[in-house]
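Single-structure report; data block below.
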Number of protein chains: 4
Amino acid sequence: MKSNRKLRYGMIGGGEGAFIGAVHRLAASLDGQMELVAGAFSSDAKNSRRTGEKLFLDPRRVYDSFETMARVEAAMPEQDRLDFVSIVTPNFLHAPVAGLFLKSGFHVVCDKPMTLSLREALELRRIVQKTRRVFALTHNYTGYPMVKEARDWVRSGKIGRVLKIVAEYPQGWLLDRIEKQGHKQAAWRSDPKKAGNSCCLGDIGTHAENLGRYITGLKIEKLCADFTSFVPGRKLEDDANLLIQYQGGARGVLHCSQVSCGEENNLNIRVYGTLGALAWHQEHPNELKLTLKGQPARILRRGNAYLGSAAKAGSRLPFGHPEAFIEAFANIYTEVAAAIRAQSRRGGAGEFDFPTVDDGVYGMAFLDAAVRSAQSRSKWTPFPKLPIKQ
Amino acid sequence: MKSNRKLRYGMIGGGEGAFIGAVHRLAASLDGQMELVAGAFSSDAKNSRRTGEKLFLDPRRVYDSFETMARVEAAMPEQDRLDFVSIVTPNFLHAPVAGLFLKSGFHVVCDKPMTLSLREALELRRIVQKTRRVFALTHNYTGYPMVKEARDWVRSGKIGRVLKIVAEYPQGWLLDRIEKQGHKQAAWRSDPKKAGNSCCLGDIGTHAENLGRYITGLKIEKLCADFTSFVPGRKLEDDANLLIQYQGGARGVLHCSQVSCGEENNLNIRVYGTLGALAWHQEHPNELKLTLKGQPARILRRGNAYLGSAAKAGSRLPFGHPEAFIEAFANIYTEVAAAIRAQSRRGGAGEFDFPTVDDGVYGMAFLDAAVRSAQSRSKWTPFPKLPIKQ
Amino acid sequence: MKSNRKLRYGMIGGGEGAFIGAVHRLAASLDGQMELVAGAFSSDAKNSRRTGEKLFLDPRRVYDSFETMARVEAAMPEQDRLDFVSIVTPNFLHAPVAGLFLKSGFHVVCDKPMTLSLREALELRRIVQKTRRVFALTHNYTGYPMVKEARDWVRSGKIGRVLKIVAEYPQGWLLDRIEKQGHKQAAWRSDPKKAGNSCCLGDIGTHAENLGRYITGLKIEKLCADFTSFVPGRKLEDDANLLIQYQGGARGVLHCSQVSCGEENNLNIRVYGTLGALAWHQEHPNELKLTLKGQPARILRRGNAYLGSAAKAGSRLPFGHPEAFIEAFANIYTEVAAAIRAQSRRGGAGEFDFPTVDDGVYGMAFLDAAVRSAQSRSKWTPFPKLPIKQ
Amino acid sequence: MKSNRKLRYGMIGGGEGAFIGAVHRLAASLDGQMELVAGAFSSDAKNSRRTGEKLFLDPRRVYDSFETMARVEAAMPEQDRLDFVSIVTPNFLHAPVAGLFLKSGFHVVCDKPMTLSLREALELRRIVQKTRRVFALTHNYTGYPMVKEARDWVRSGKIGRVLKIVAEYPQGWLLDRIEKQGHKQAAWRSDPKKAGNSCCLGDIGTHAENLGRYITGLKIEKLCADFTSFVPGRKLEDDANLLIQYQGGARGVLHCSQVSCGEENNLNIRVYGTLGALAWHQEHPNELKLTLKGQPARILRRGNAYLGSAAKAGSRLPFGHPEAFIEAFANIYTEVAAAIRAQSRRGGAGEFDFPTVDDGVYGMAFLDAAVRSAQSRSKWTPFPKLPIKQ
């Protein structure tokens, strides 16, 4: 690969009526490191074409189906060929689309949750290992600089042994049954065939779990889940609350909801250790509260010289010029781009800071255990044994 | 009783080294409605005497034991006799002291948790009913005006049907084993003989439960508790997390801790309904966040004309002149004073806004169920049936 | 004076319809160090009597006029005689009432602004010096523990040389002309005969000035004021904005208003030094933000072991149990009580932490200069030379 | 112009060591509406080349001087020619560079303050009028959706007549004399030859002034300024405080600083009207506080259905997914792109929401008046008469 060029990528999903596709495009374009050149934006051919046109794409590279796209793009000459694809479809398509593009030789960025089931996740992991392609899962909240700073504080031991994680993620947008009112995103997320066997925990609770694990490295030993479908007629849960016991003795509380009136996207995490504590709120992402034992709380802010290298690397603007969601999301893409460039140079991905297929497997195992717990009369459901490094 | 005089009260407990006794005295004296005239402040006679002297008490009314105090004070002529006593001892003395003073004819204000066990609580309730004395339990957080405002919003139906309560109460003061370093309050709270079979949930979790019940009126159907003693050697739990199912289908998350580094007294509650949501933080008590569906969040603030009558009645200062812990605590005493004066006038307590012996019974049932759940392998432990109006 | 008794005080002003009188009584009674035993609560004899009755006072010590009160109380035997009086009348009575009671042998606590004019202030100062009585001015915001902590940080040099003070005090309660609608407090405050030649700056701006001086010790060299009466028909200013140059080169911005819609009592101060900065907000008074150069901001909170001795001494409750307006106000009274007891013991007042008659003189000089500046076409109006230690 | 293509732009300034150039590039690329294809990034040819290479530019379109760039690019065939240029140089180059590119037929986006002097600003305005090119000044803070919402509330009359604006913009990054330590941005900003006759007010105070005018439409009648150079040896002011009287009687306080320790980029504005008030803080830009008279404060948040059309149009993400500085900045570019496309279609710019050359003239008049006031002994300096619609 010629090093001094932008990467080229294509997108599957993300047509009109979608939400996360546009976010991926904003994130991918932000740093000027890559350009969108192809897409199968919708199973509706007209939608796909209109979307491509708005994005100034060459109409010949706008496809009606992802299968056609994979075939045609794989046959492109190297100077035009895609470097990677972004998969932003509903959940049920993640595994087949990702599998096909990986096998067709492309690197893959995929939205979460990774698959419909733990089994599918493990199968996708085998494909990634076999094809040796870069595979990234967009647990985008780990892209925030102050989350990276939090991770540094925990991993360096400066807040001591972690005793407790309180992770919460309340939203309120599904308080009415809008899936019956033409709301496309609500429709597939609440449909077991398209979303899998969880709505709330799969859509947002997995972010909260992933965030806690990213910061602390703690692995779950067992958990206890209470799922509720508050809105009549809804098949999947719209509220999920969990007690967690981590390996090594730490405890966790994780609660999330899509029916918490007035809540927008209120992902919060607090990590309490023997020597200090951290708190981070997604809706005010440029700040990290750090309280060391016996000392006043400190408000660490993005962009300052006192931060660690990971927070600095994930930051574009000076202090006081807030960065937010898109910038954090872009950090995932930036790391992916670096990994792709590195692999192209060295034949190996090296160490980059983005969620991998193993994170996806772990997340699906978490969902799997939580769904089983929600149906169980036993207090504790053990976390599955996984063939990944935990 | 002569109406135009201050009430007279005595105190049991609250000597040097104690914390909550001084708070009760500040609260009782604030509104100039009552005066402290007697006390058995400590089982250590010298401590009791020194405390009485600092409080400008007549030394003849400072006692070495609560038994003596009850006997002597009951024999006083009416113009000197106590109207009520405040019990601020460690938990294990609540029931015997309260029982004795009730039977000796005095009204009683008692700190929480009410007793050592549910059985004791039910017995105390019988004594209250039999003696027809005013009995108040100082779940002081319900004294905050903005908590009363929250209650009004829920009880009037304006936030719709309550779906979820998230109550949290993290503290960090027991992160070290200070009970072995001469810290008296830590010592008795972590000693099963003096505190009962719970430390964290009994000391603070009961406040969180009571607060949720005060605001919403919801009763627990079943619960699932995870207790942990993080500090080595500590016999009782210093961290407790609960999932709750309420009668009627609402869900709850209640988590509390005494080992959450950096947390001071961070009691928070959020109530989510079908039409709106409320959030209140004890550390910023003059504000109540209200979010009605589809509307911007509103920050209701103490002292404003737009508030309901209960919030107004519990308020002394104009808006912007913050009131806080002592003032809220004083509201309990003010209501008790009104009840005592009313009973003296009419022979009946009428309707006053303070926590009663029934609240104490309910709280002990909550503790009882939670302790049993923490030891159980079943997910859900049913809440006990109680002979009180639930 | 017998040391082991409560102090006795009387009140002038503070009858029905008043605001600040009740606040003084709450503050005075809080710590159980003093009791109200006499009063001339209103020039309306019935109002005075009704007020005395509600306060459980002996009717013989409730007076129709402050002159009678001074005469009768001064003739009381020592075991009944007042130790001090609290003056909570409209401004125009401060000087005559204070003068009379000082000359009658009583210590005095007086509300601010101290007098109607700088001349009156200087005269009152002479009386205080001559009578050698304790005289305290209730610039109550200096009673907050975290304000004392701020003072410690500045005075110890830890934030370096002070460069700038930004003090603001917006309120909104006079946005309508409520002085014409029977609002007694608005009526006298906007009446030049009763309030003096300033409404907004005199009522609240002086608090902001005093607060800045308390924390930093900086004295004003010259100032530039812009006064506005926004509400038609109002004779005195309801909005005042000032640029300030301090002795030694620091700069100041002080703005206050009574017509800032939605503002309650939003006194804020920020002090910027060469090594650090401090920020304190009266509406969240338990916190002090401290930012040392190159370091994250720290949130210092009342009640913690890391605070200095002044903040600790001004604090009653453990961390996380918020204290607020009454408690801070009570700190003034507590210091006054200590000064009175000390003088009674030693014949000298010693060092106590409350605003003195010199602070009152300074405040009146500030008002005097600001009023002159508001009428001047010159940018800078020099601060008057004063015979006090500046 | 072919409508279905990205716009092409070039950049003058923004090489290594610069700050704002990179911000412009992030903002321009965000929405995928335009691409950078040429640049003269530095007067240092190597710096310019290295910068072009990192940005994946064709080396033939990376220039050593802006004069060469203007000449060569103007001669390009239409299918390659730039649509516009972005000028991100130090202030002293704004006028010559903008003038040259306008005369060469290009639209221009220019950083602020627009010129070195009011005279230069008026001359640039004549060029813009004559060449009929789109000219935008990047007062980027007006690009924030919640600022647009604030403007809607004021302009619709819903907060009544505006009485007072409090605008503040403290920073702390120039607390040390870093202009002597190789800090390029500090060096030119504090150099009168490159920055003009103001440092602090020109760099940030103009943003605060512009923001107030954008929201309220109020024009200044007269002002009073106090400038200080706190850091020894610094020629231009690093702290500036102003009292303002607006046409029609409203009052203003505007204070800004570059030596306020611990402040990052704390642009805040409060607008008080007769019926309501607004407050917006740049460091938490997704929220707008609105308080209507007699009602609780409301926290309006970006992305919600209850907002007006301007706030909605300036927003990319759903509520709770915070947007920030780059997104707001991008809104300026997006409007410029729409204006350029519209002009190309219709020959006229129409109505677009970005700061114009008239805003630049106004801003320079503000600087001019403030600098004169700072040197004057009169309290009030009148605002210049301008040939623009005020």
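None of the figures in this text is laboratory data; all of them are computed from the coordinates on show. All figures in this text were calculated on a predicted structure; none of them were measured in a lab. Because the Cβ atoms are built from the backbone with ideal geometry, glycine has one as well, and the counts that use them run over all protein chains shown.
Brief remarks on what is shown
- Relative intensity, log₁₀ I(q)/I(0), of segment B:274-390 from a Debye sum that treats every alpha carbon as a point, q = 0.21 Å⁻¹: -1.12
- Subset of D:Lys112/D:Lys385; C:Lys103/C:Lys219; C:Lys194/C:Lys385; D:Lys158/D:Lys289; C:Lys130/C:Lys389 violating a 23 Å alpha-carbon distance limit: C:Lys103/C:Lys219; C:Lys194/C:Lys385
- The distance between label points at B:Ser43 and D:Arg341 comes to 8.2 nm (points 7 Å beyond Cα on the Cα→Cβ vector).
- Restricting segment C:222-289 to trypsin sites (Lys or Arg not before Pro) that sit in a DSSP loop and have at most 15 other Cβ atoms within 10 Å of their own Cβ leaves C:Lys235.
- When restricted to Cα atoms, segment C:115-257 yields an Rg and a Dmax of 17.0, 50 Å, respectively.
- Sparse-neighbourhood loop sites, GluC sites (Glu not before Pro) in segment C:293-370 - DSSP loop, at most 15 other Cβ within 10 angstrom: C:Glu351
- Counting only DSSP beta bridges with both residues in the protein assembly as shown, the antiparallel share comes to about 60 percent.
- Shielding of B:327-334 by partner chains, average beta-carbon count, 10 Å: 2
- Normalised alpha carbon radius of gyration of the protein assembly as shown [divisor 2.2 N^0.38 Å]: 0.96
- Range of Cα positions in segment B:32-127 per principal axis (Å), largest first: 38, 29, 27
- FRET efficiency estimate (nearest 0.05) - Cβ-Cβ, D:Met76 to D:Arg119, R0 35 angstrom: 0.60
- Qualifying trypsin sites (Lys or Arg not before Pro) in segment C:105-162, where qualification requires a DSSP coil assignment and no more than 14 other C-beta atoms within 10 Å, comprise C:Arg132, C:Lys158, C:Arg161.
- By the count of neighbouring beta-carbon atoms within 10 Å, fewest first, A:Val271, B:Val147 end up ordered B:Val147, A:Val271.
- Taking the C-alpha atoms only, the angle from helix A:357-374 to the longest principal axis of chain A is near 60 degrees.
- Relative to the longest principal axis of the Cα atoms of chain A, the long axis of helix A:45-54 makes an angle of roughly 80 degrees.
- Using the alpha carbons alone, the radius of gyration of segment B:174-263 stands to its Kirkwood radius in an Rg to Rh ratio of 1.03.
- Most fluctuating residue given options A:Leu278, A:Leu124, A:Leu55, as computed from a GNM of chain A linking Cα atoms under 10 Å: A:Leu55
- For segment B:348-390, a crude dipole built from +1 on the beta carbon of Lys and Arg and -1 on the beta carbon of Asp and Glu, taken about the Cα centre, is about 480 debye to the nearest 20.
- Its residues counted as N, chain C yields a C-alpha radius of gyration over 2.2 N^0.38 Å of 0.97.
- Of the residues D:Ala240, D:Val271, D:Leu317, the one whose Cα sits farthest toward the positive end of the charge dipole of segment D:231-337, with +1 on the Cβ of Lys and Arg and -1 on the Cβ of Asp and Glu, is D:Val271.
- Comparing A:Ala370, A:Ala208, A:Ala297 in a Gaussian network model of chain A, where Cα atoms under 10 Å apart are tied by springs, the biggest mean-square fluctuation is seen for A:Ala297.
- Net dipole in debye of segment D:212-331 [+1 Lys, Arg Cβ; -1 Asp, Glu Cβ; about Cα centre; nearest 20]: 580
- Per the Cα gyration tensor, segment B:102-195 maps to an equivalent ellipsoid with semi-axes of 29, 26, 12 Å, ordered largest to smallest.
- Most positive-pole-ward Cα, D:Val336, D:Trp380, D:Leu290, against dipole of segment D:283-390 from beta carbon charges: D:Trp380
- Cα centroid separation, segment C:202-248 to segment D:1-69 (Å): 50
- Base-10 log of normalised Debye intensity for segment A:82-144 (one unit scatterer per alpha-carbon) at q = 0.22 Å⁻¹: -0.84
- Under the convention that each Lys and Arg Cβ holds +1 and each Asp and Glu Cβ holds -1, the size of the dipole of segment B:304-390 around its Cα centre is about 300 debye.
- Of all the options D:Pro318, D:Pro285, D:Pro192, the one that moves most in a Gaussian network model of chain D with Cα springs shorter than 10 angstrom is D:Pro318.
- Chain C: angle of helix C:145-155 to the longest principal axis, Cα-based, in degrees nearest 10: 50
- Reference-scaled alpha-carbon Rg (2.2 N^0.38 Å with N residues) for segment D:143-189: 1.93
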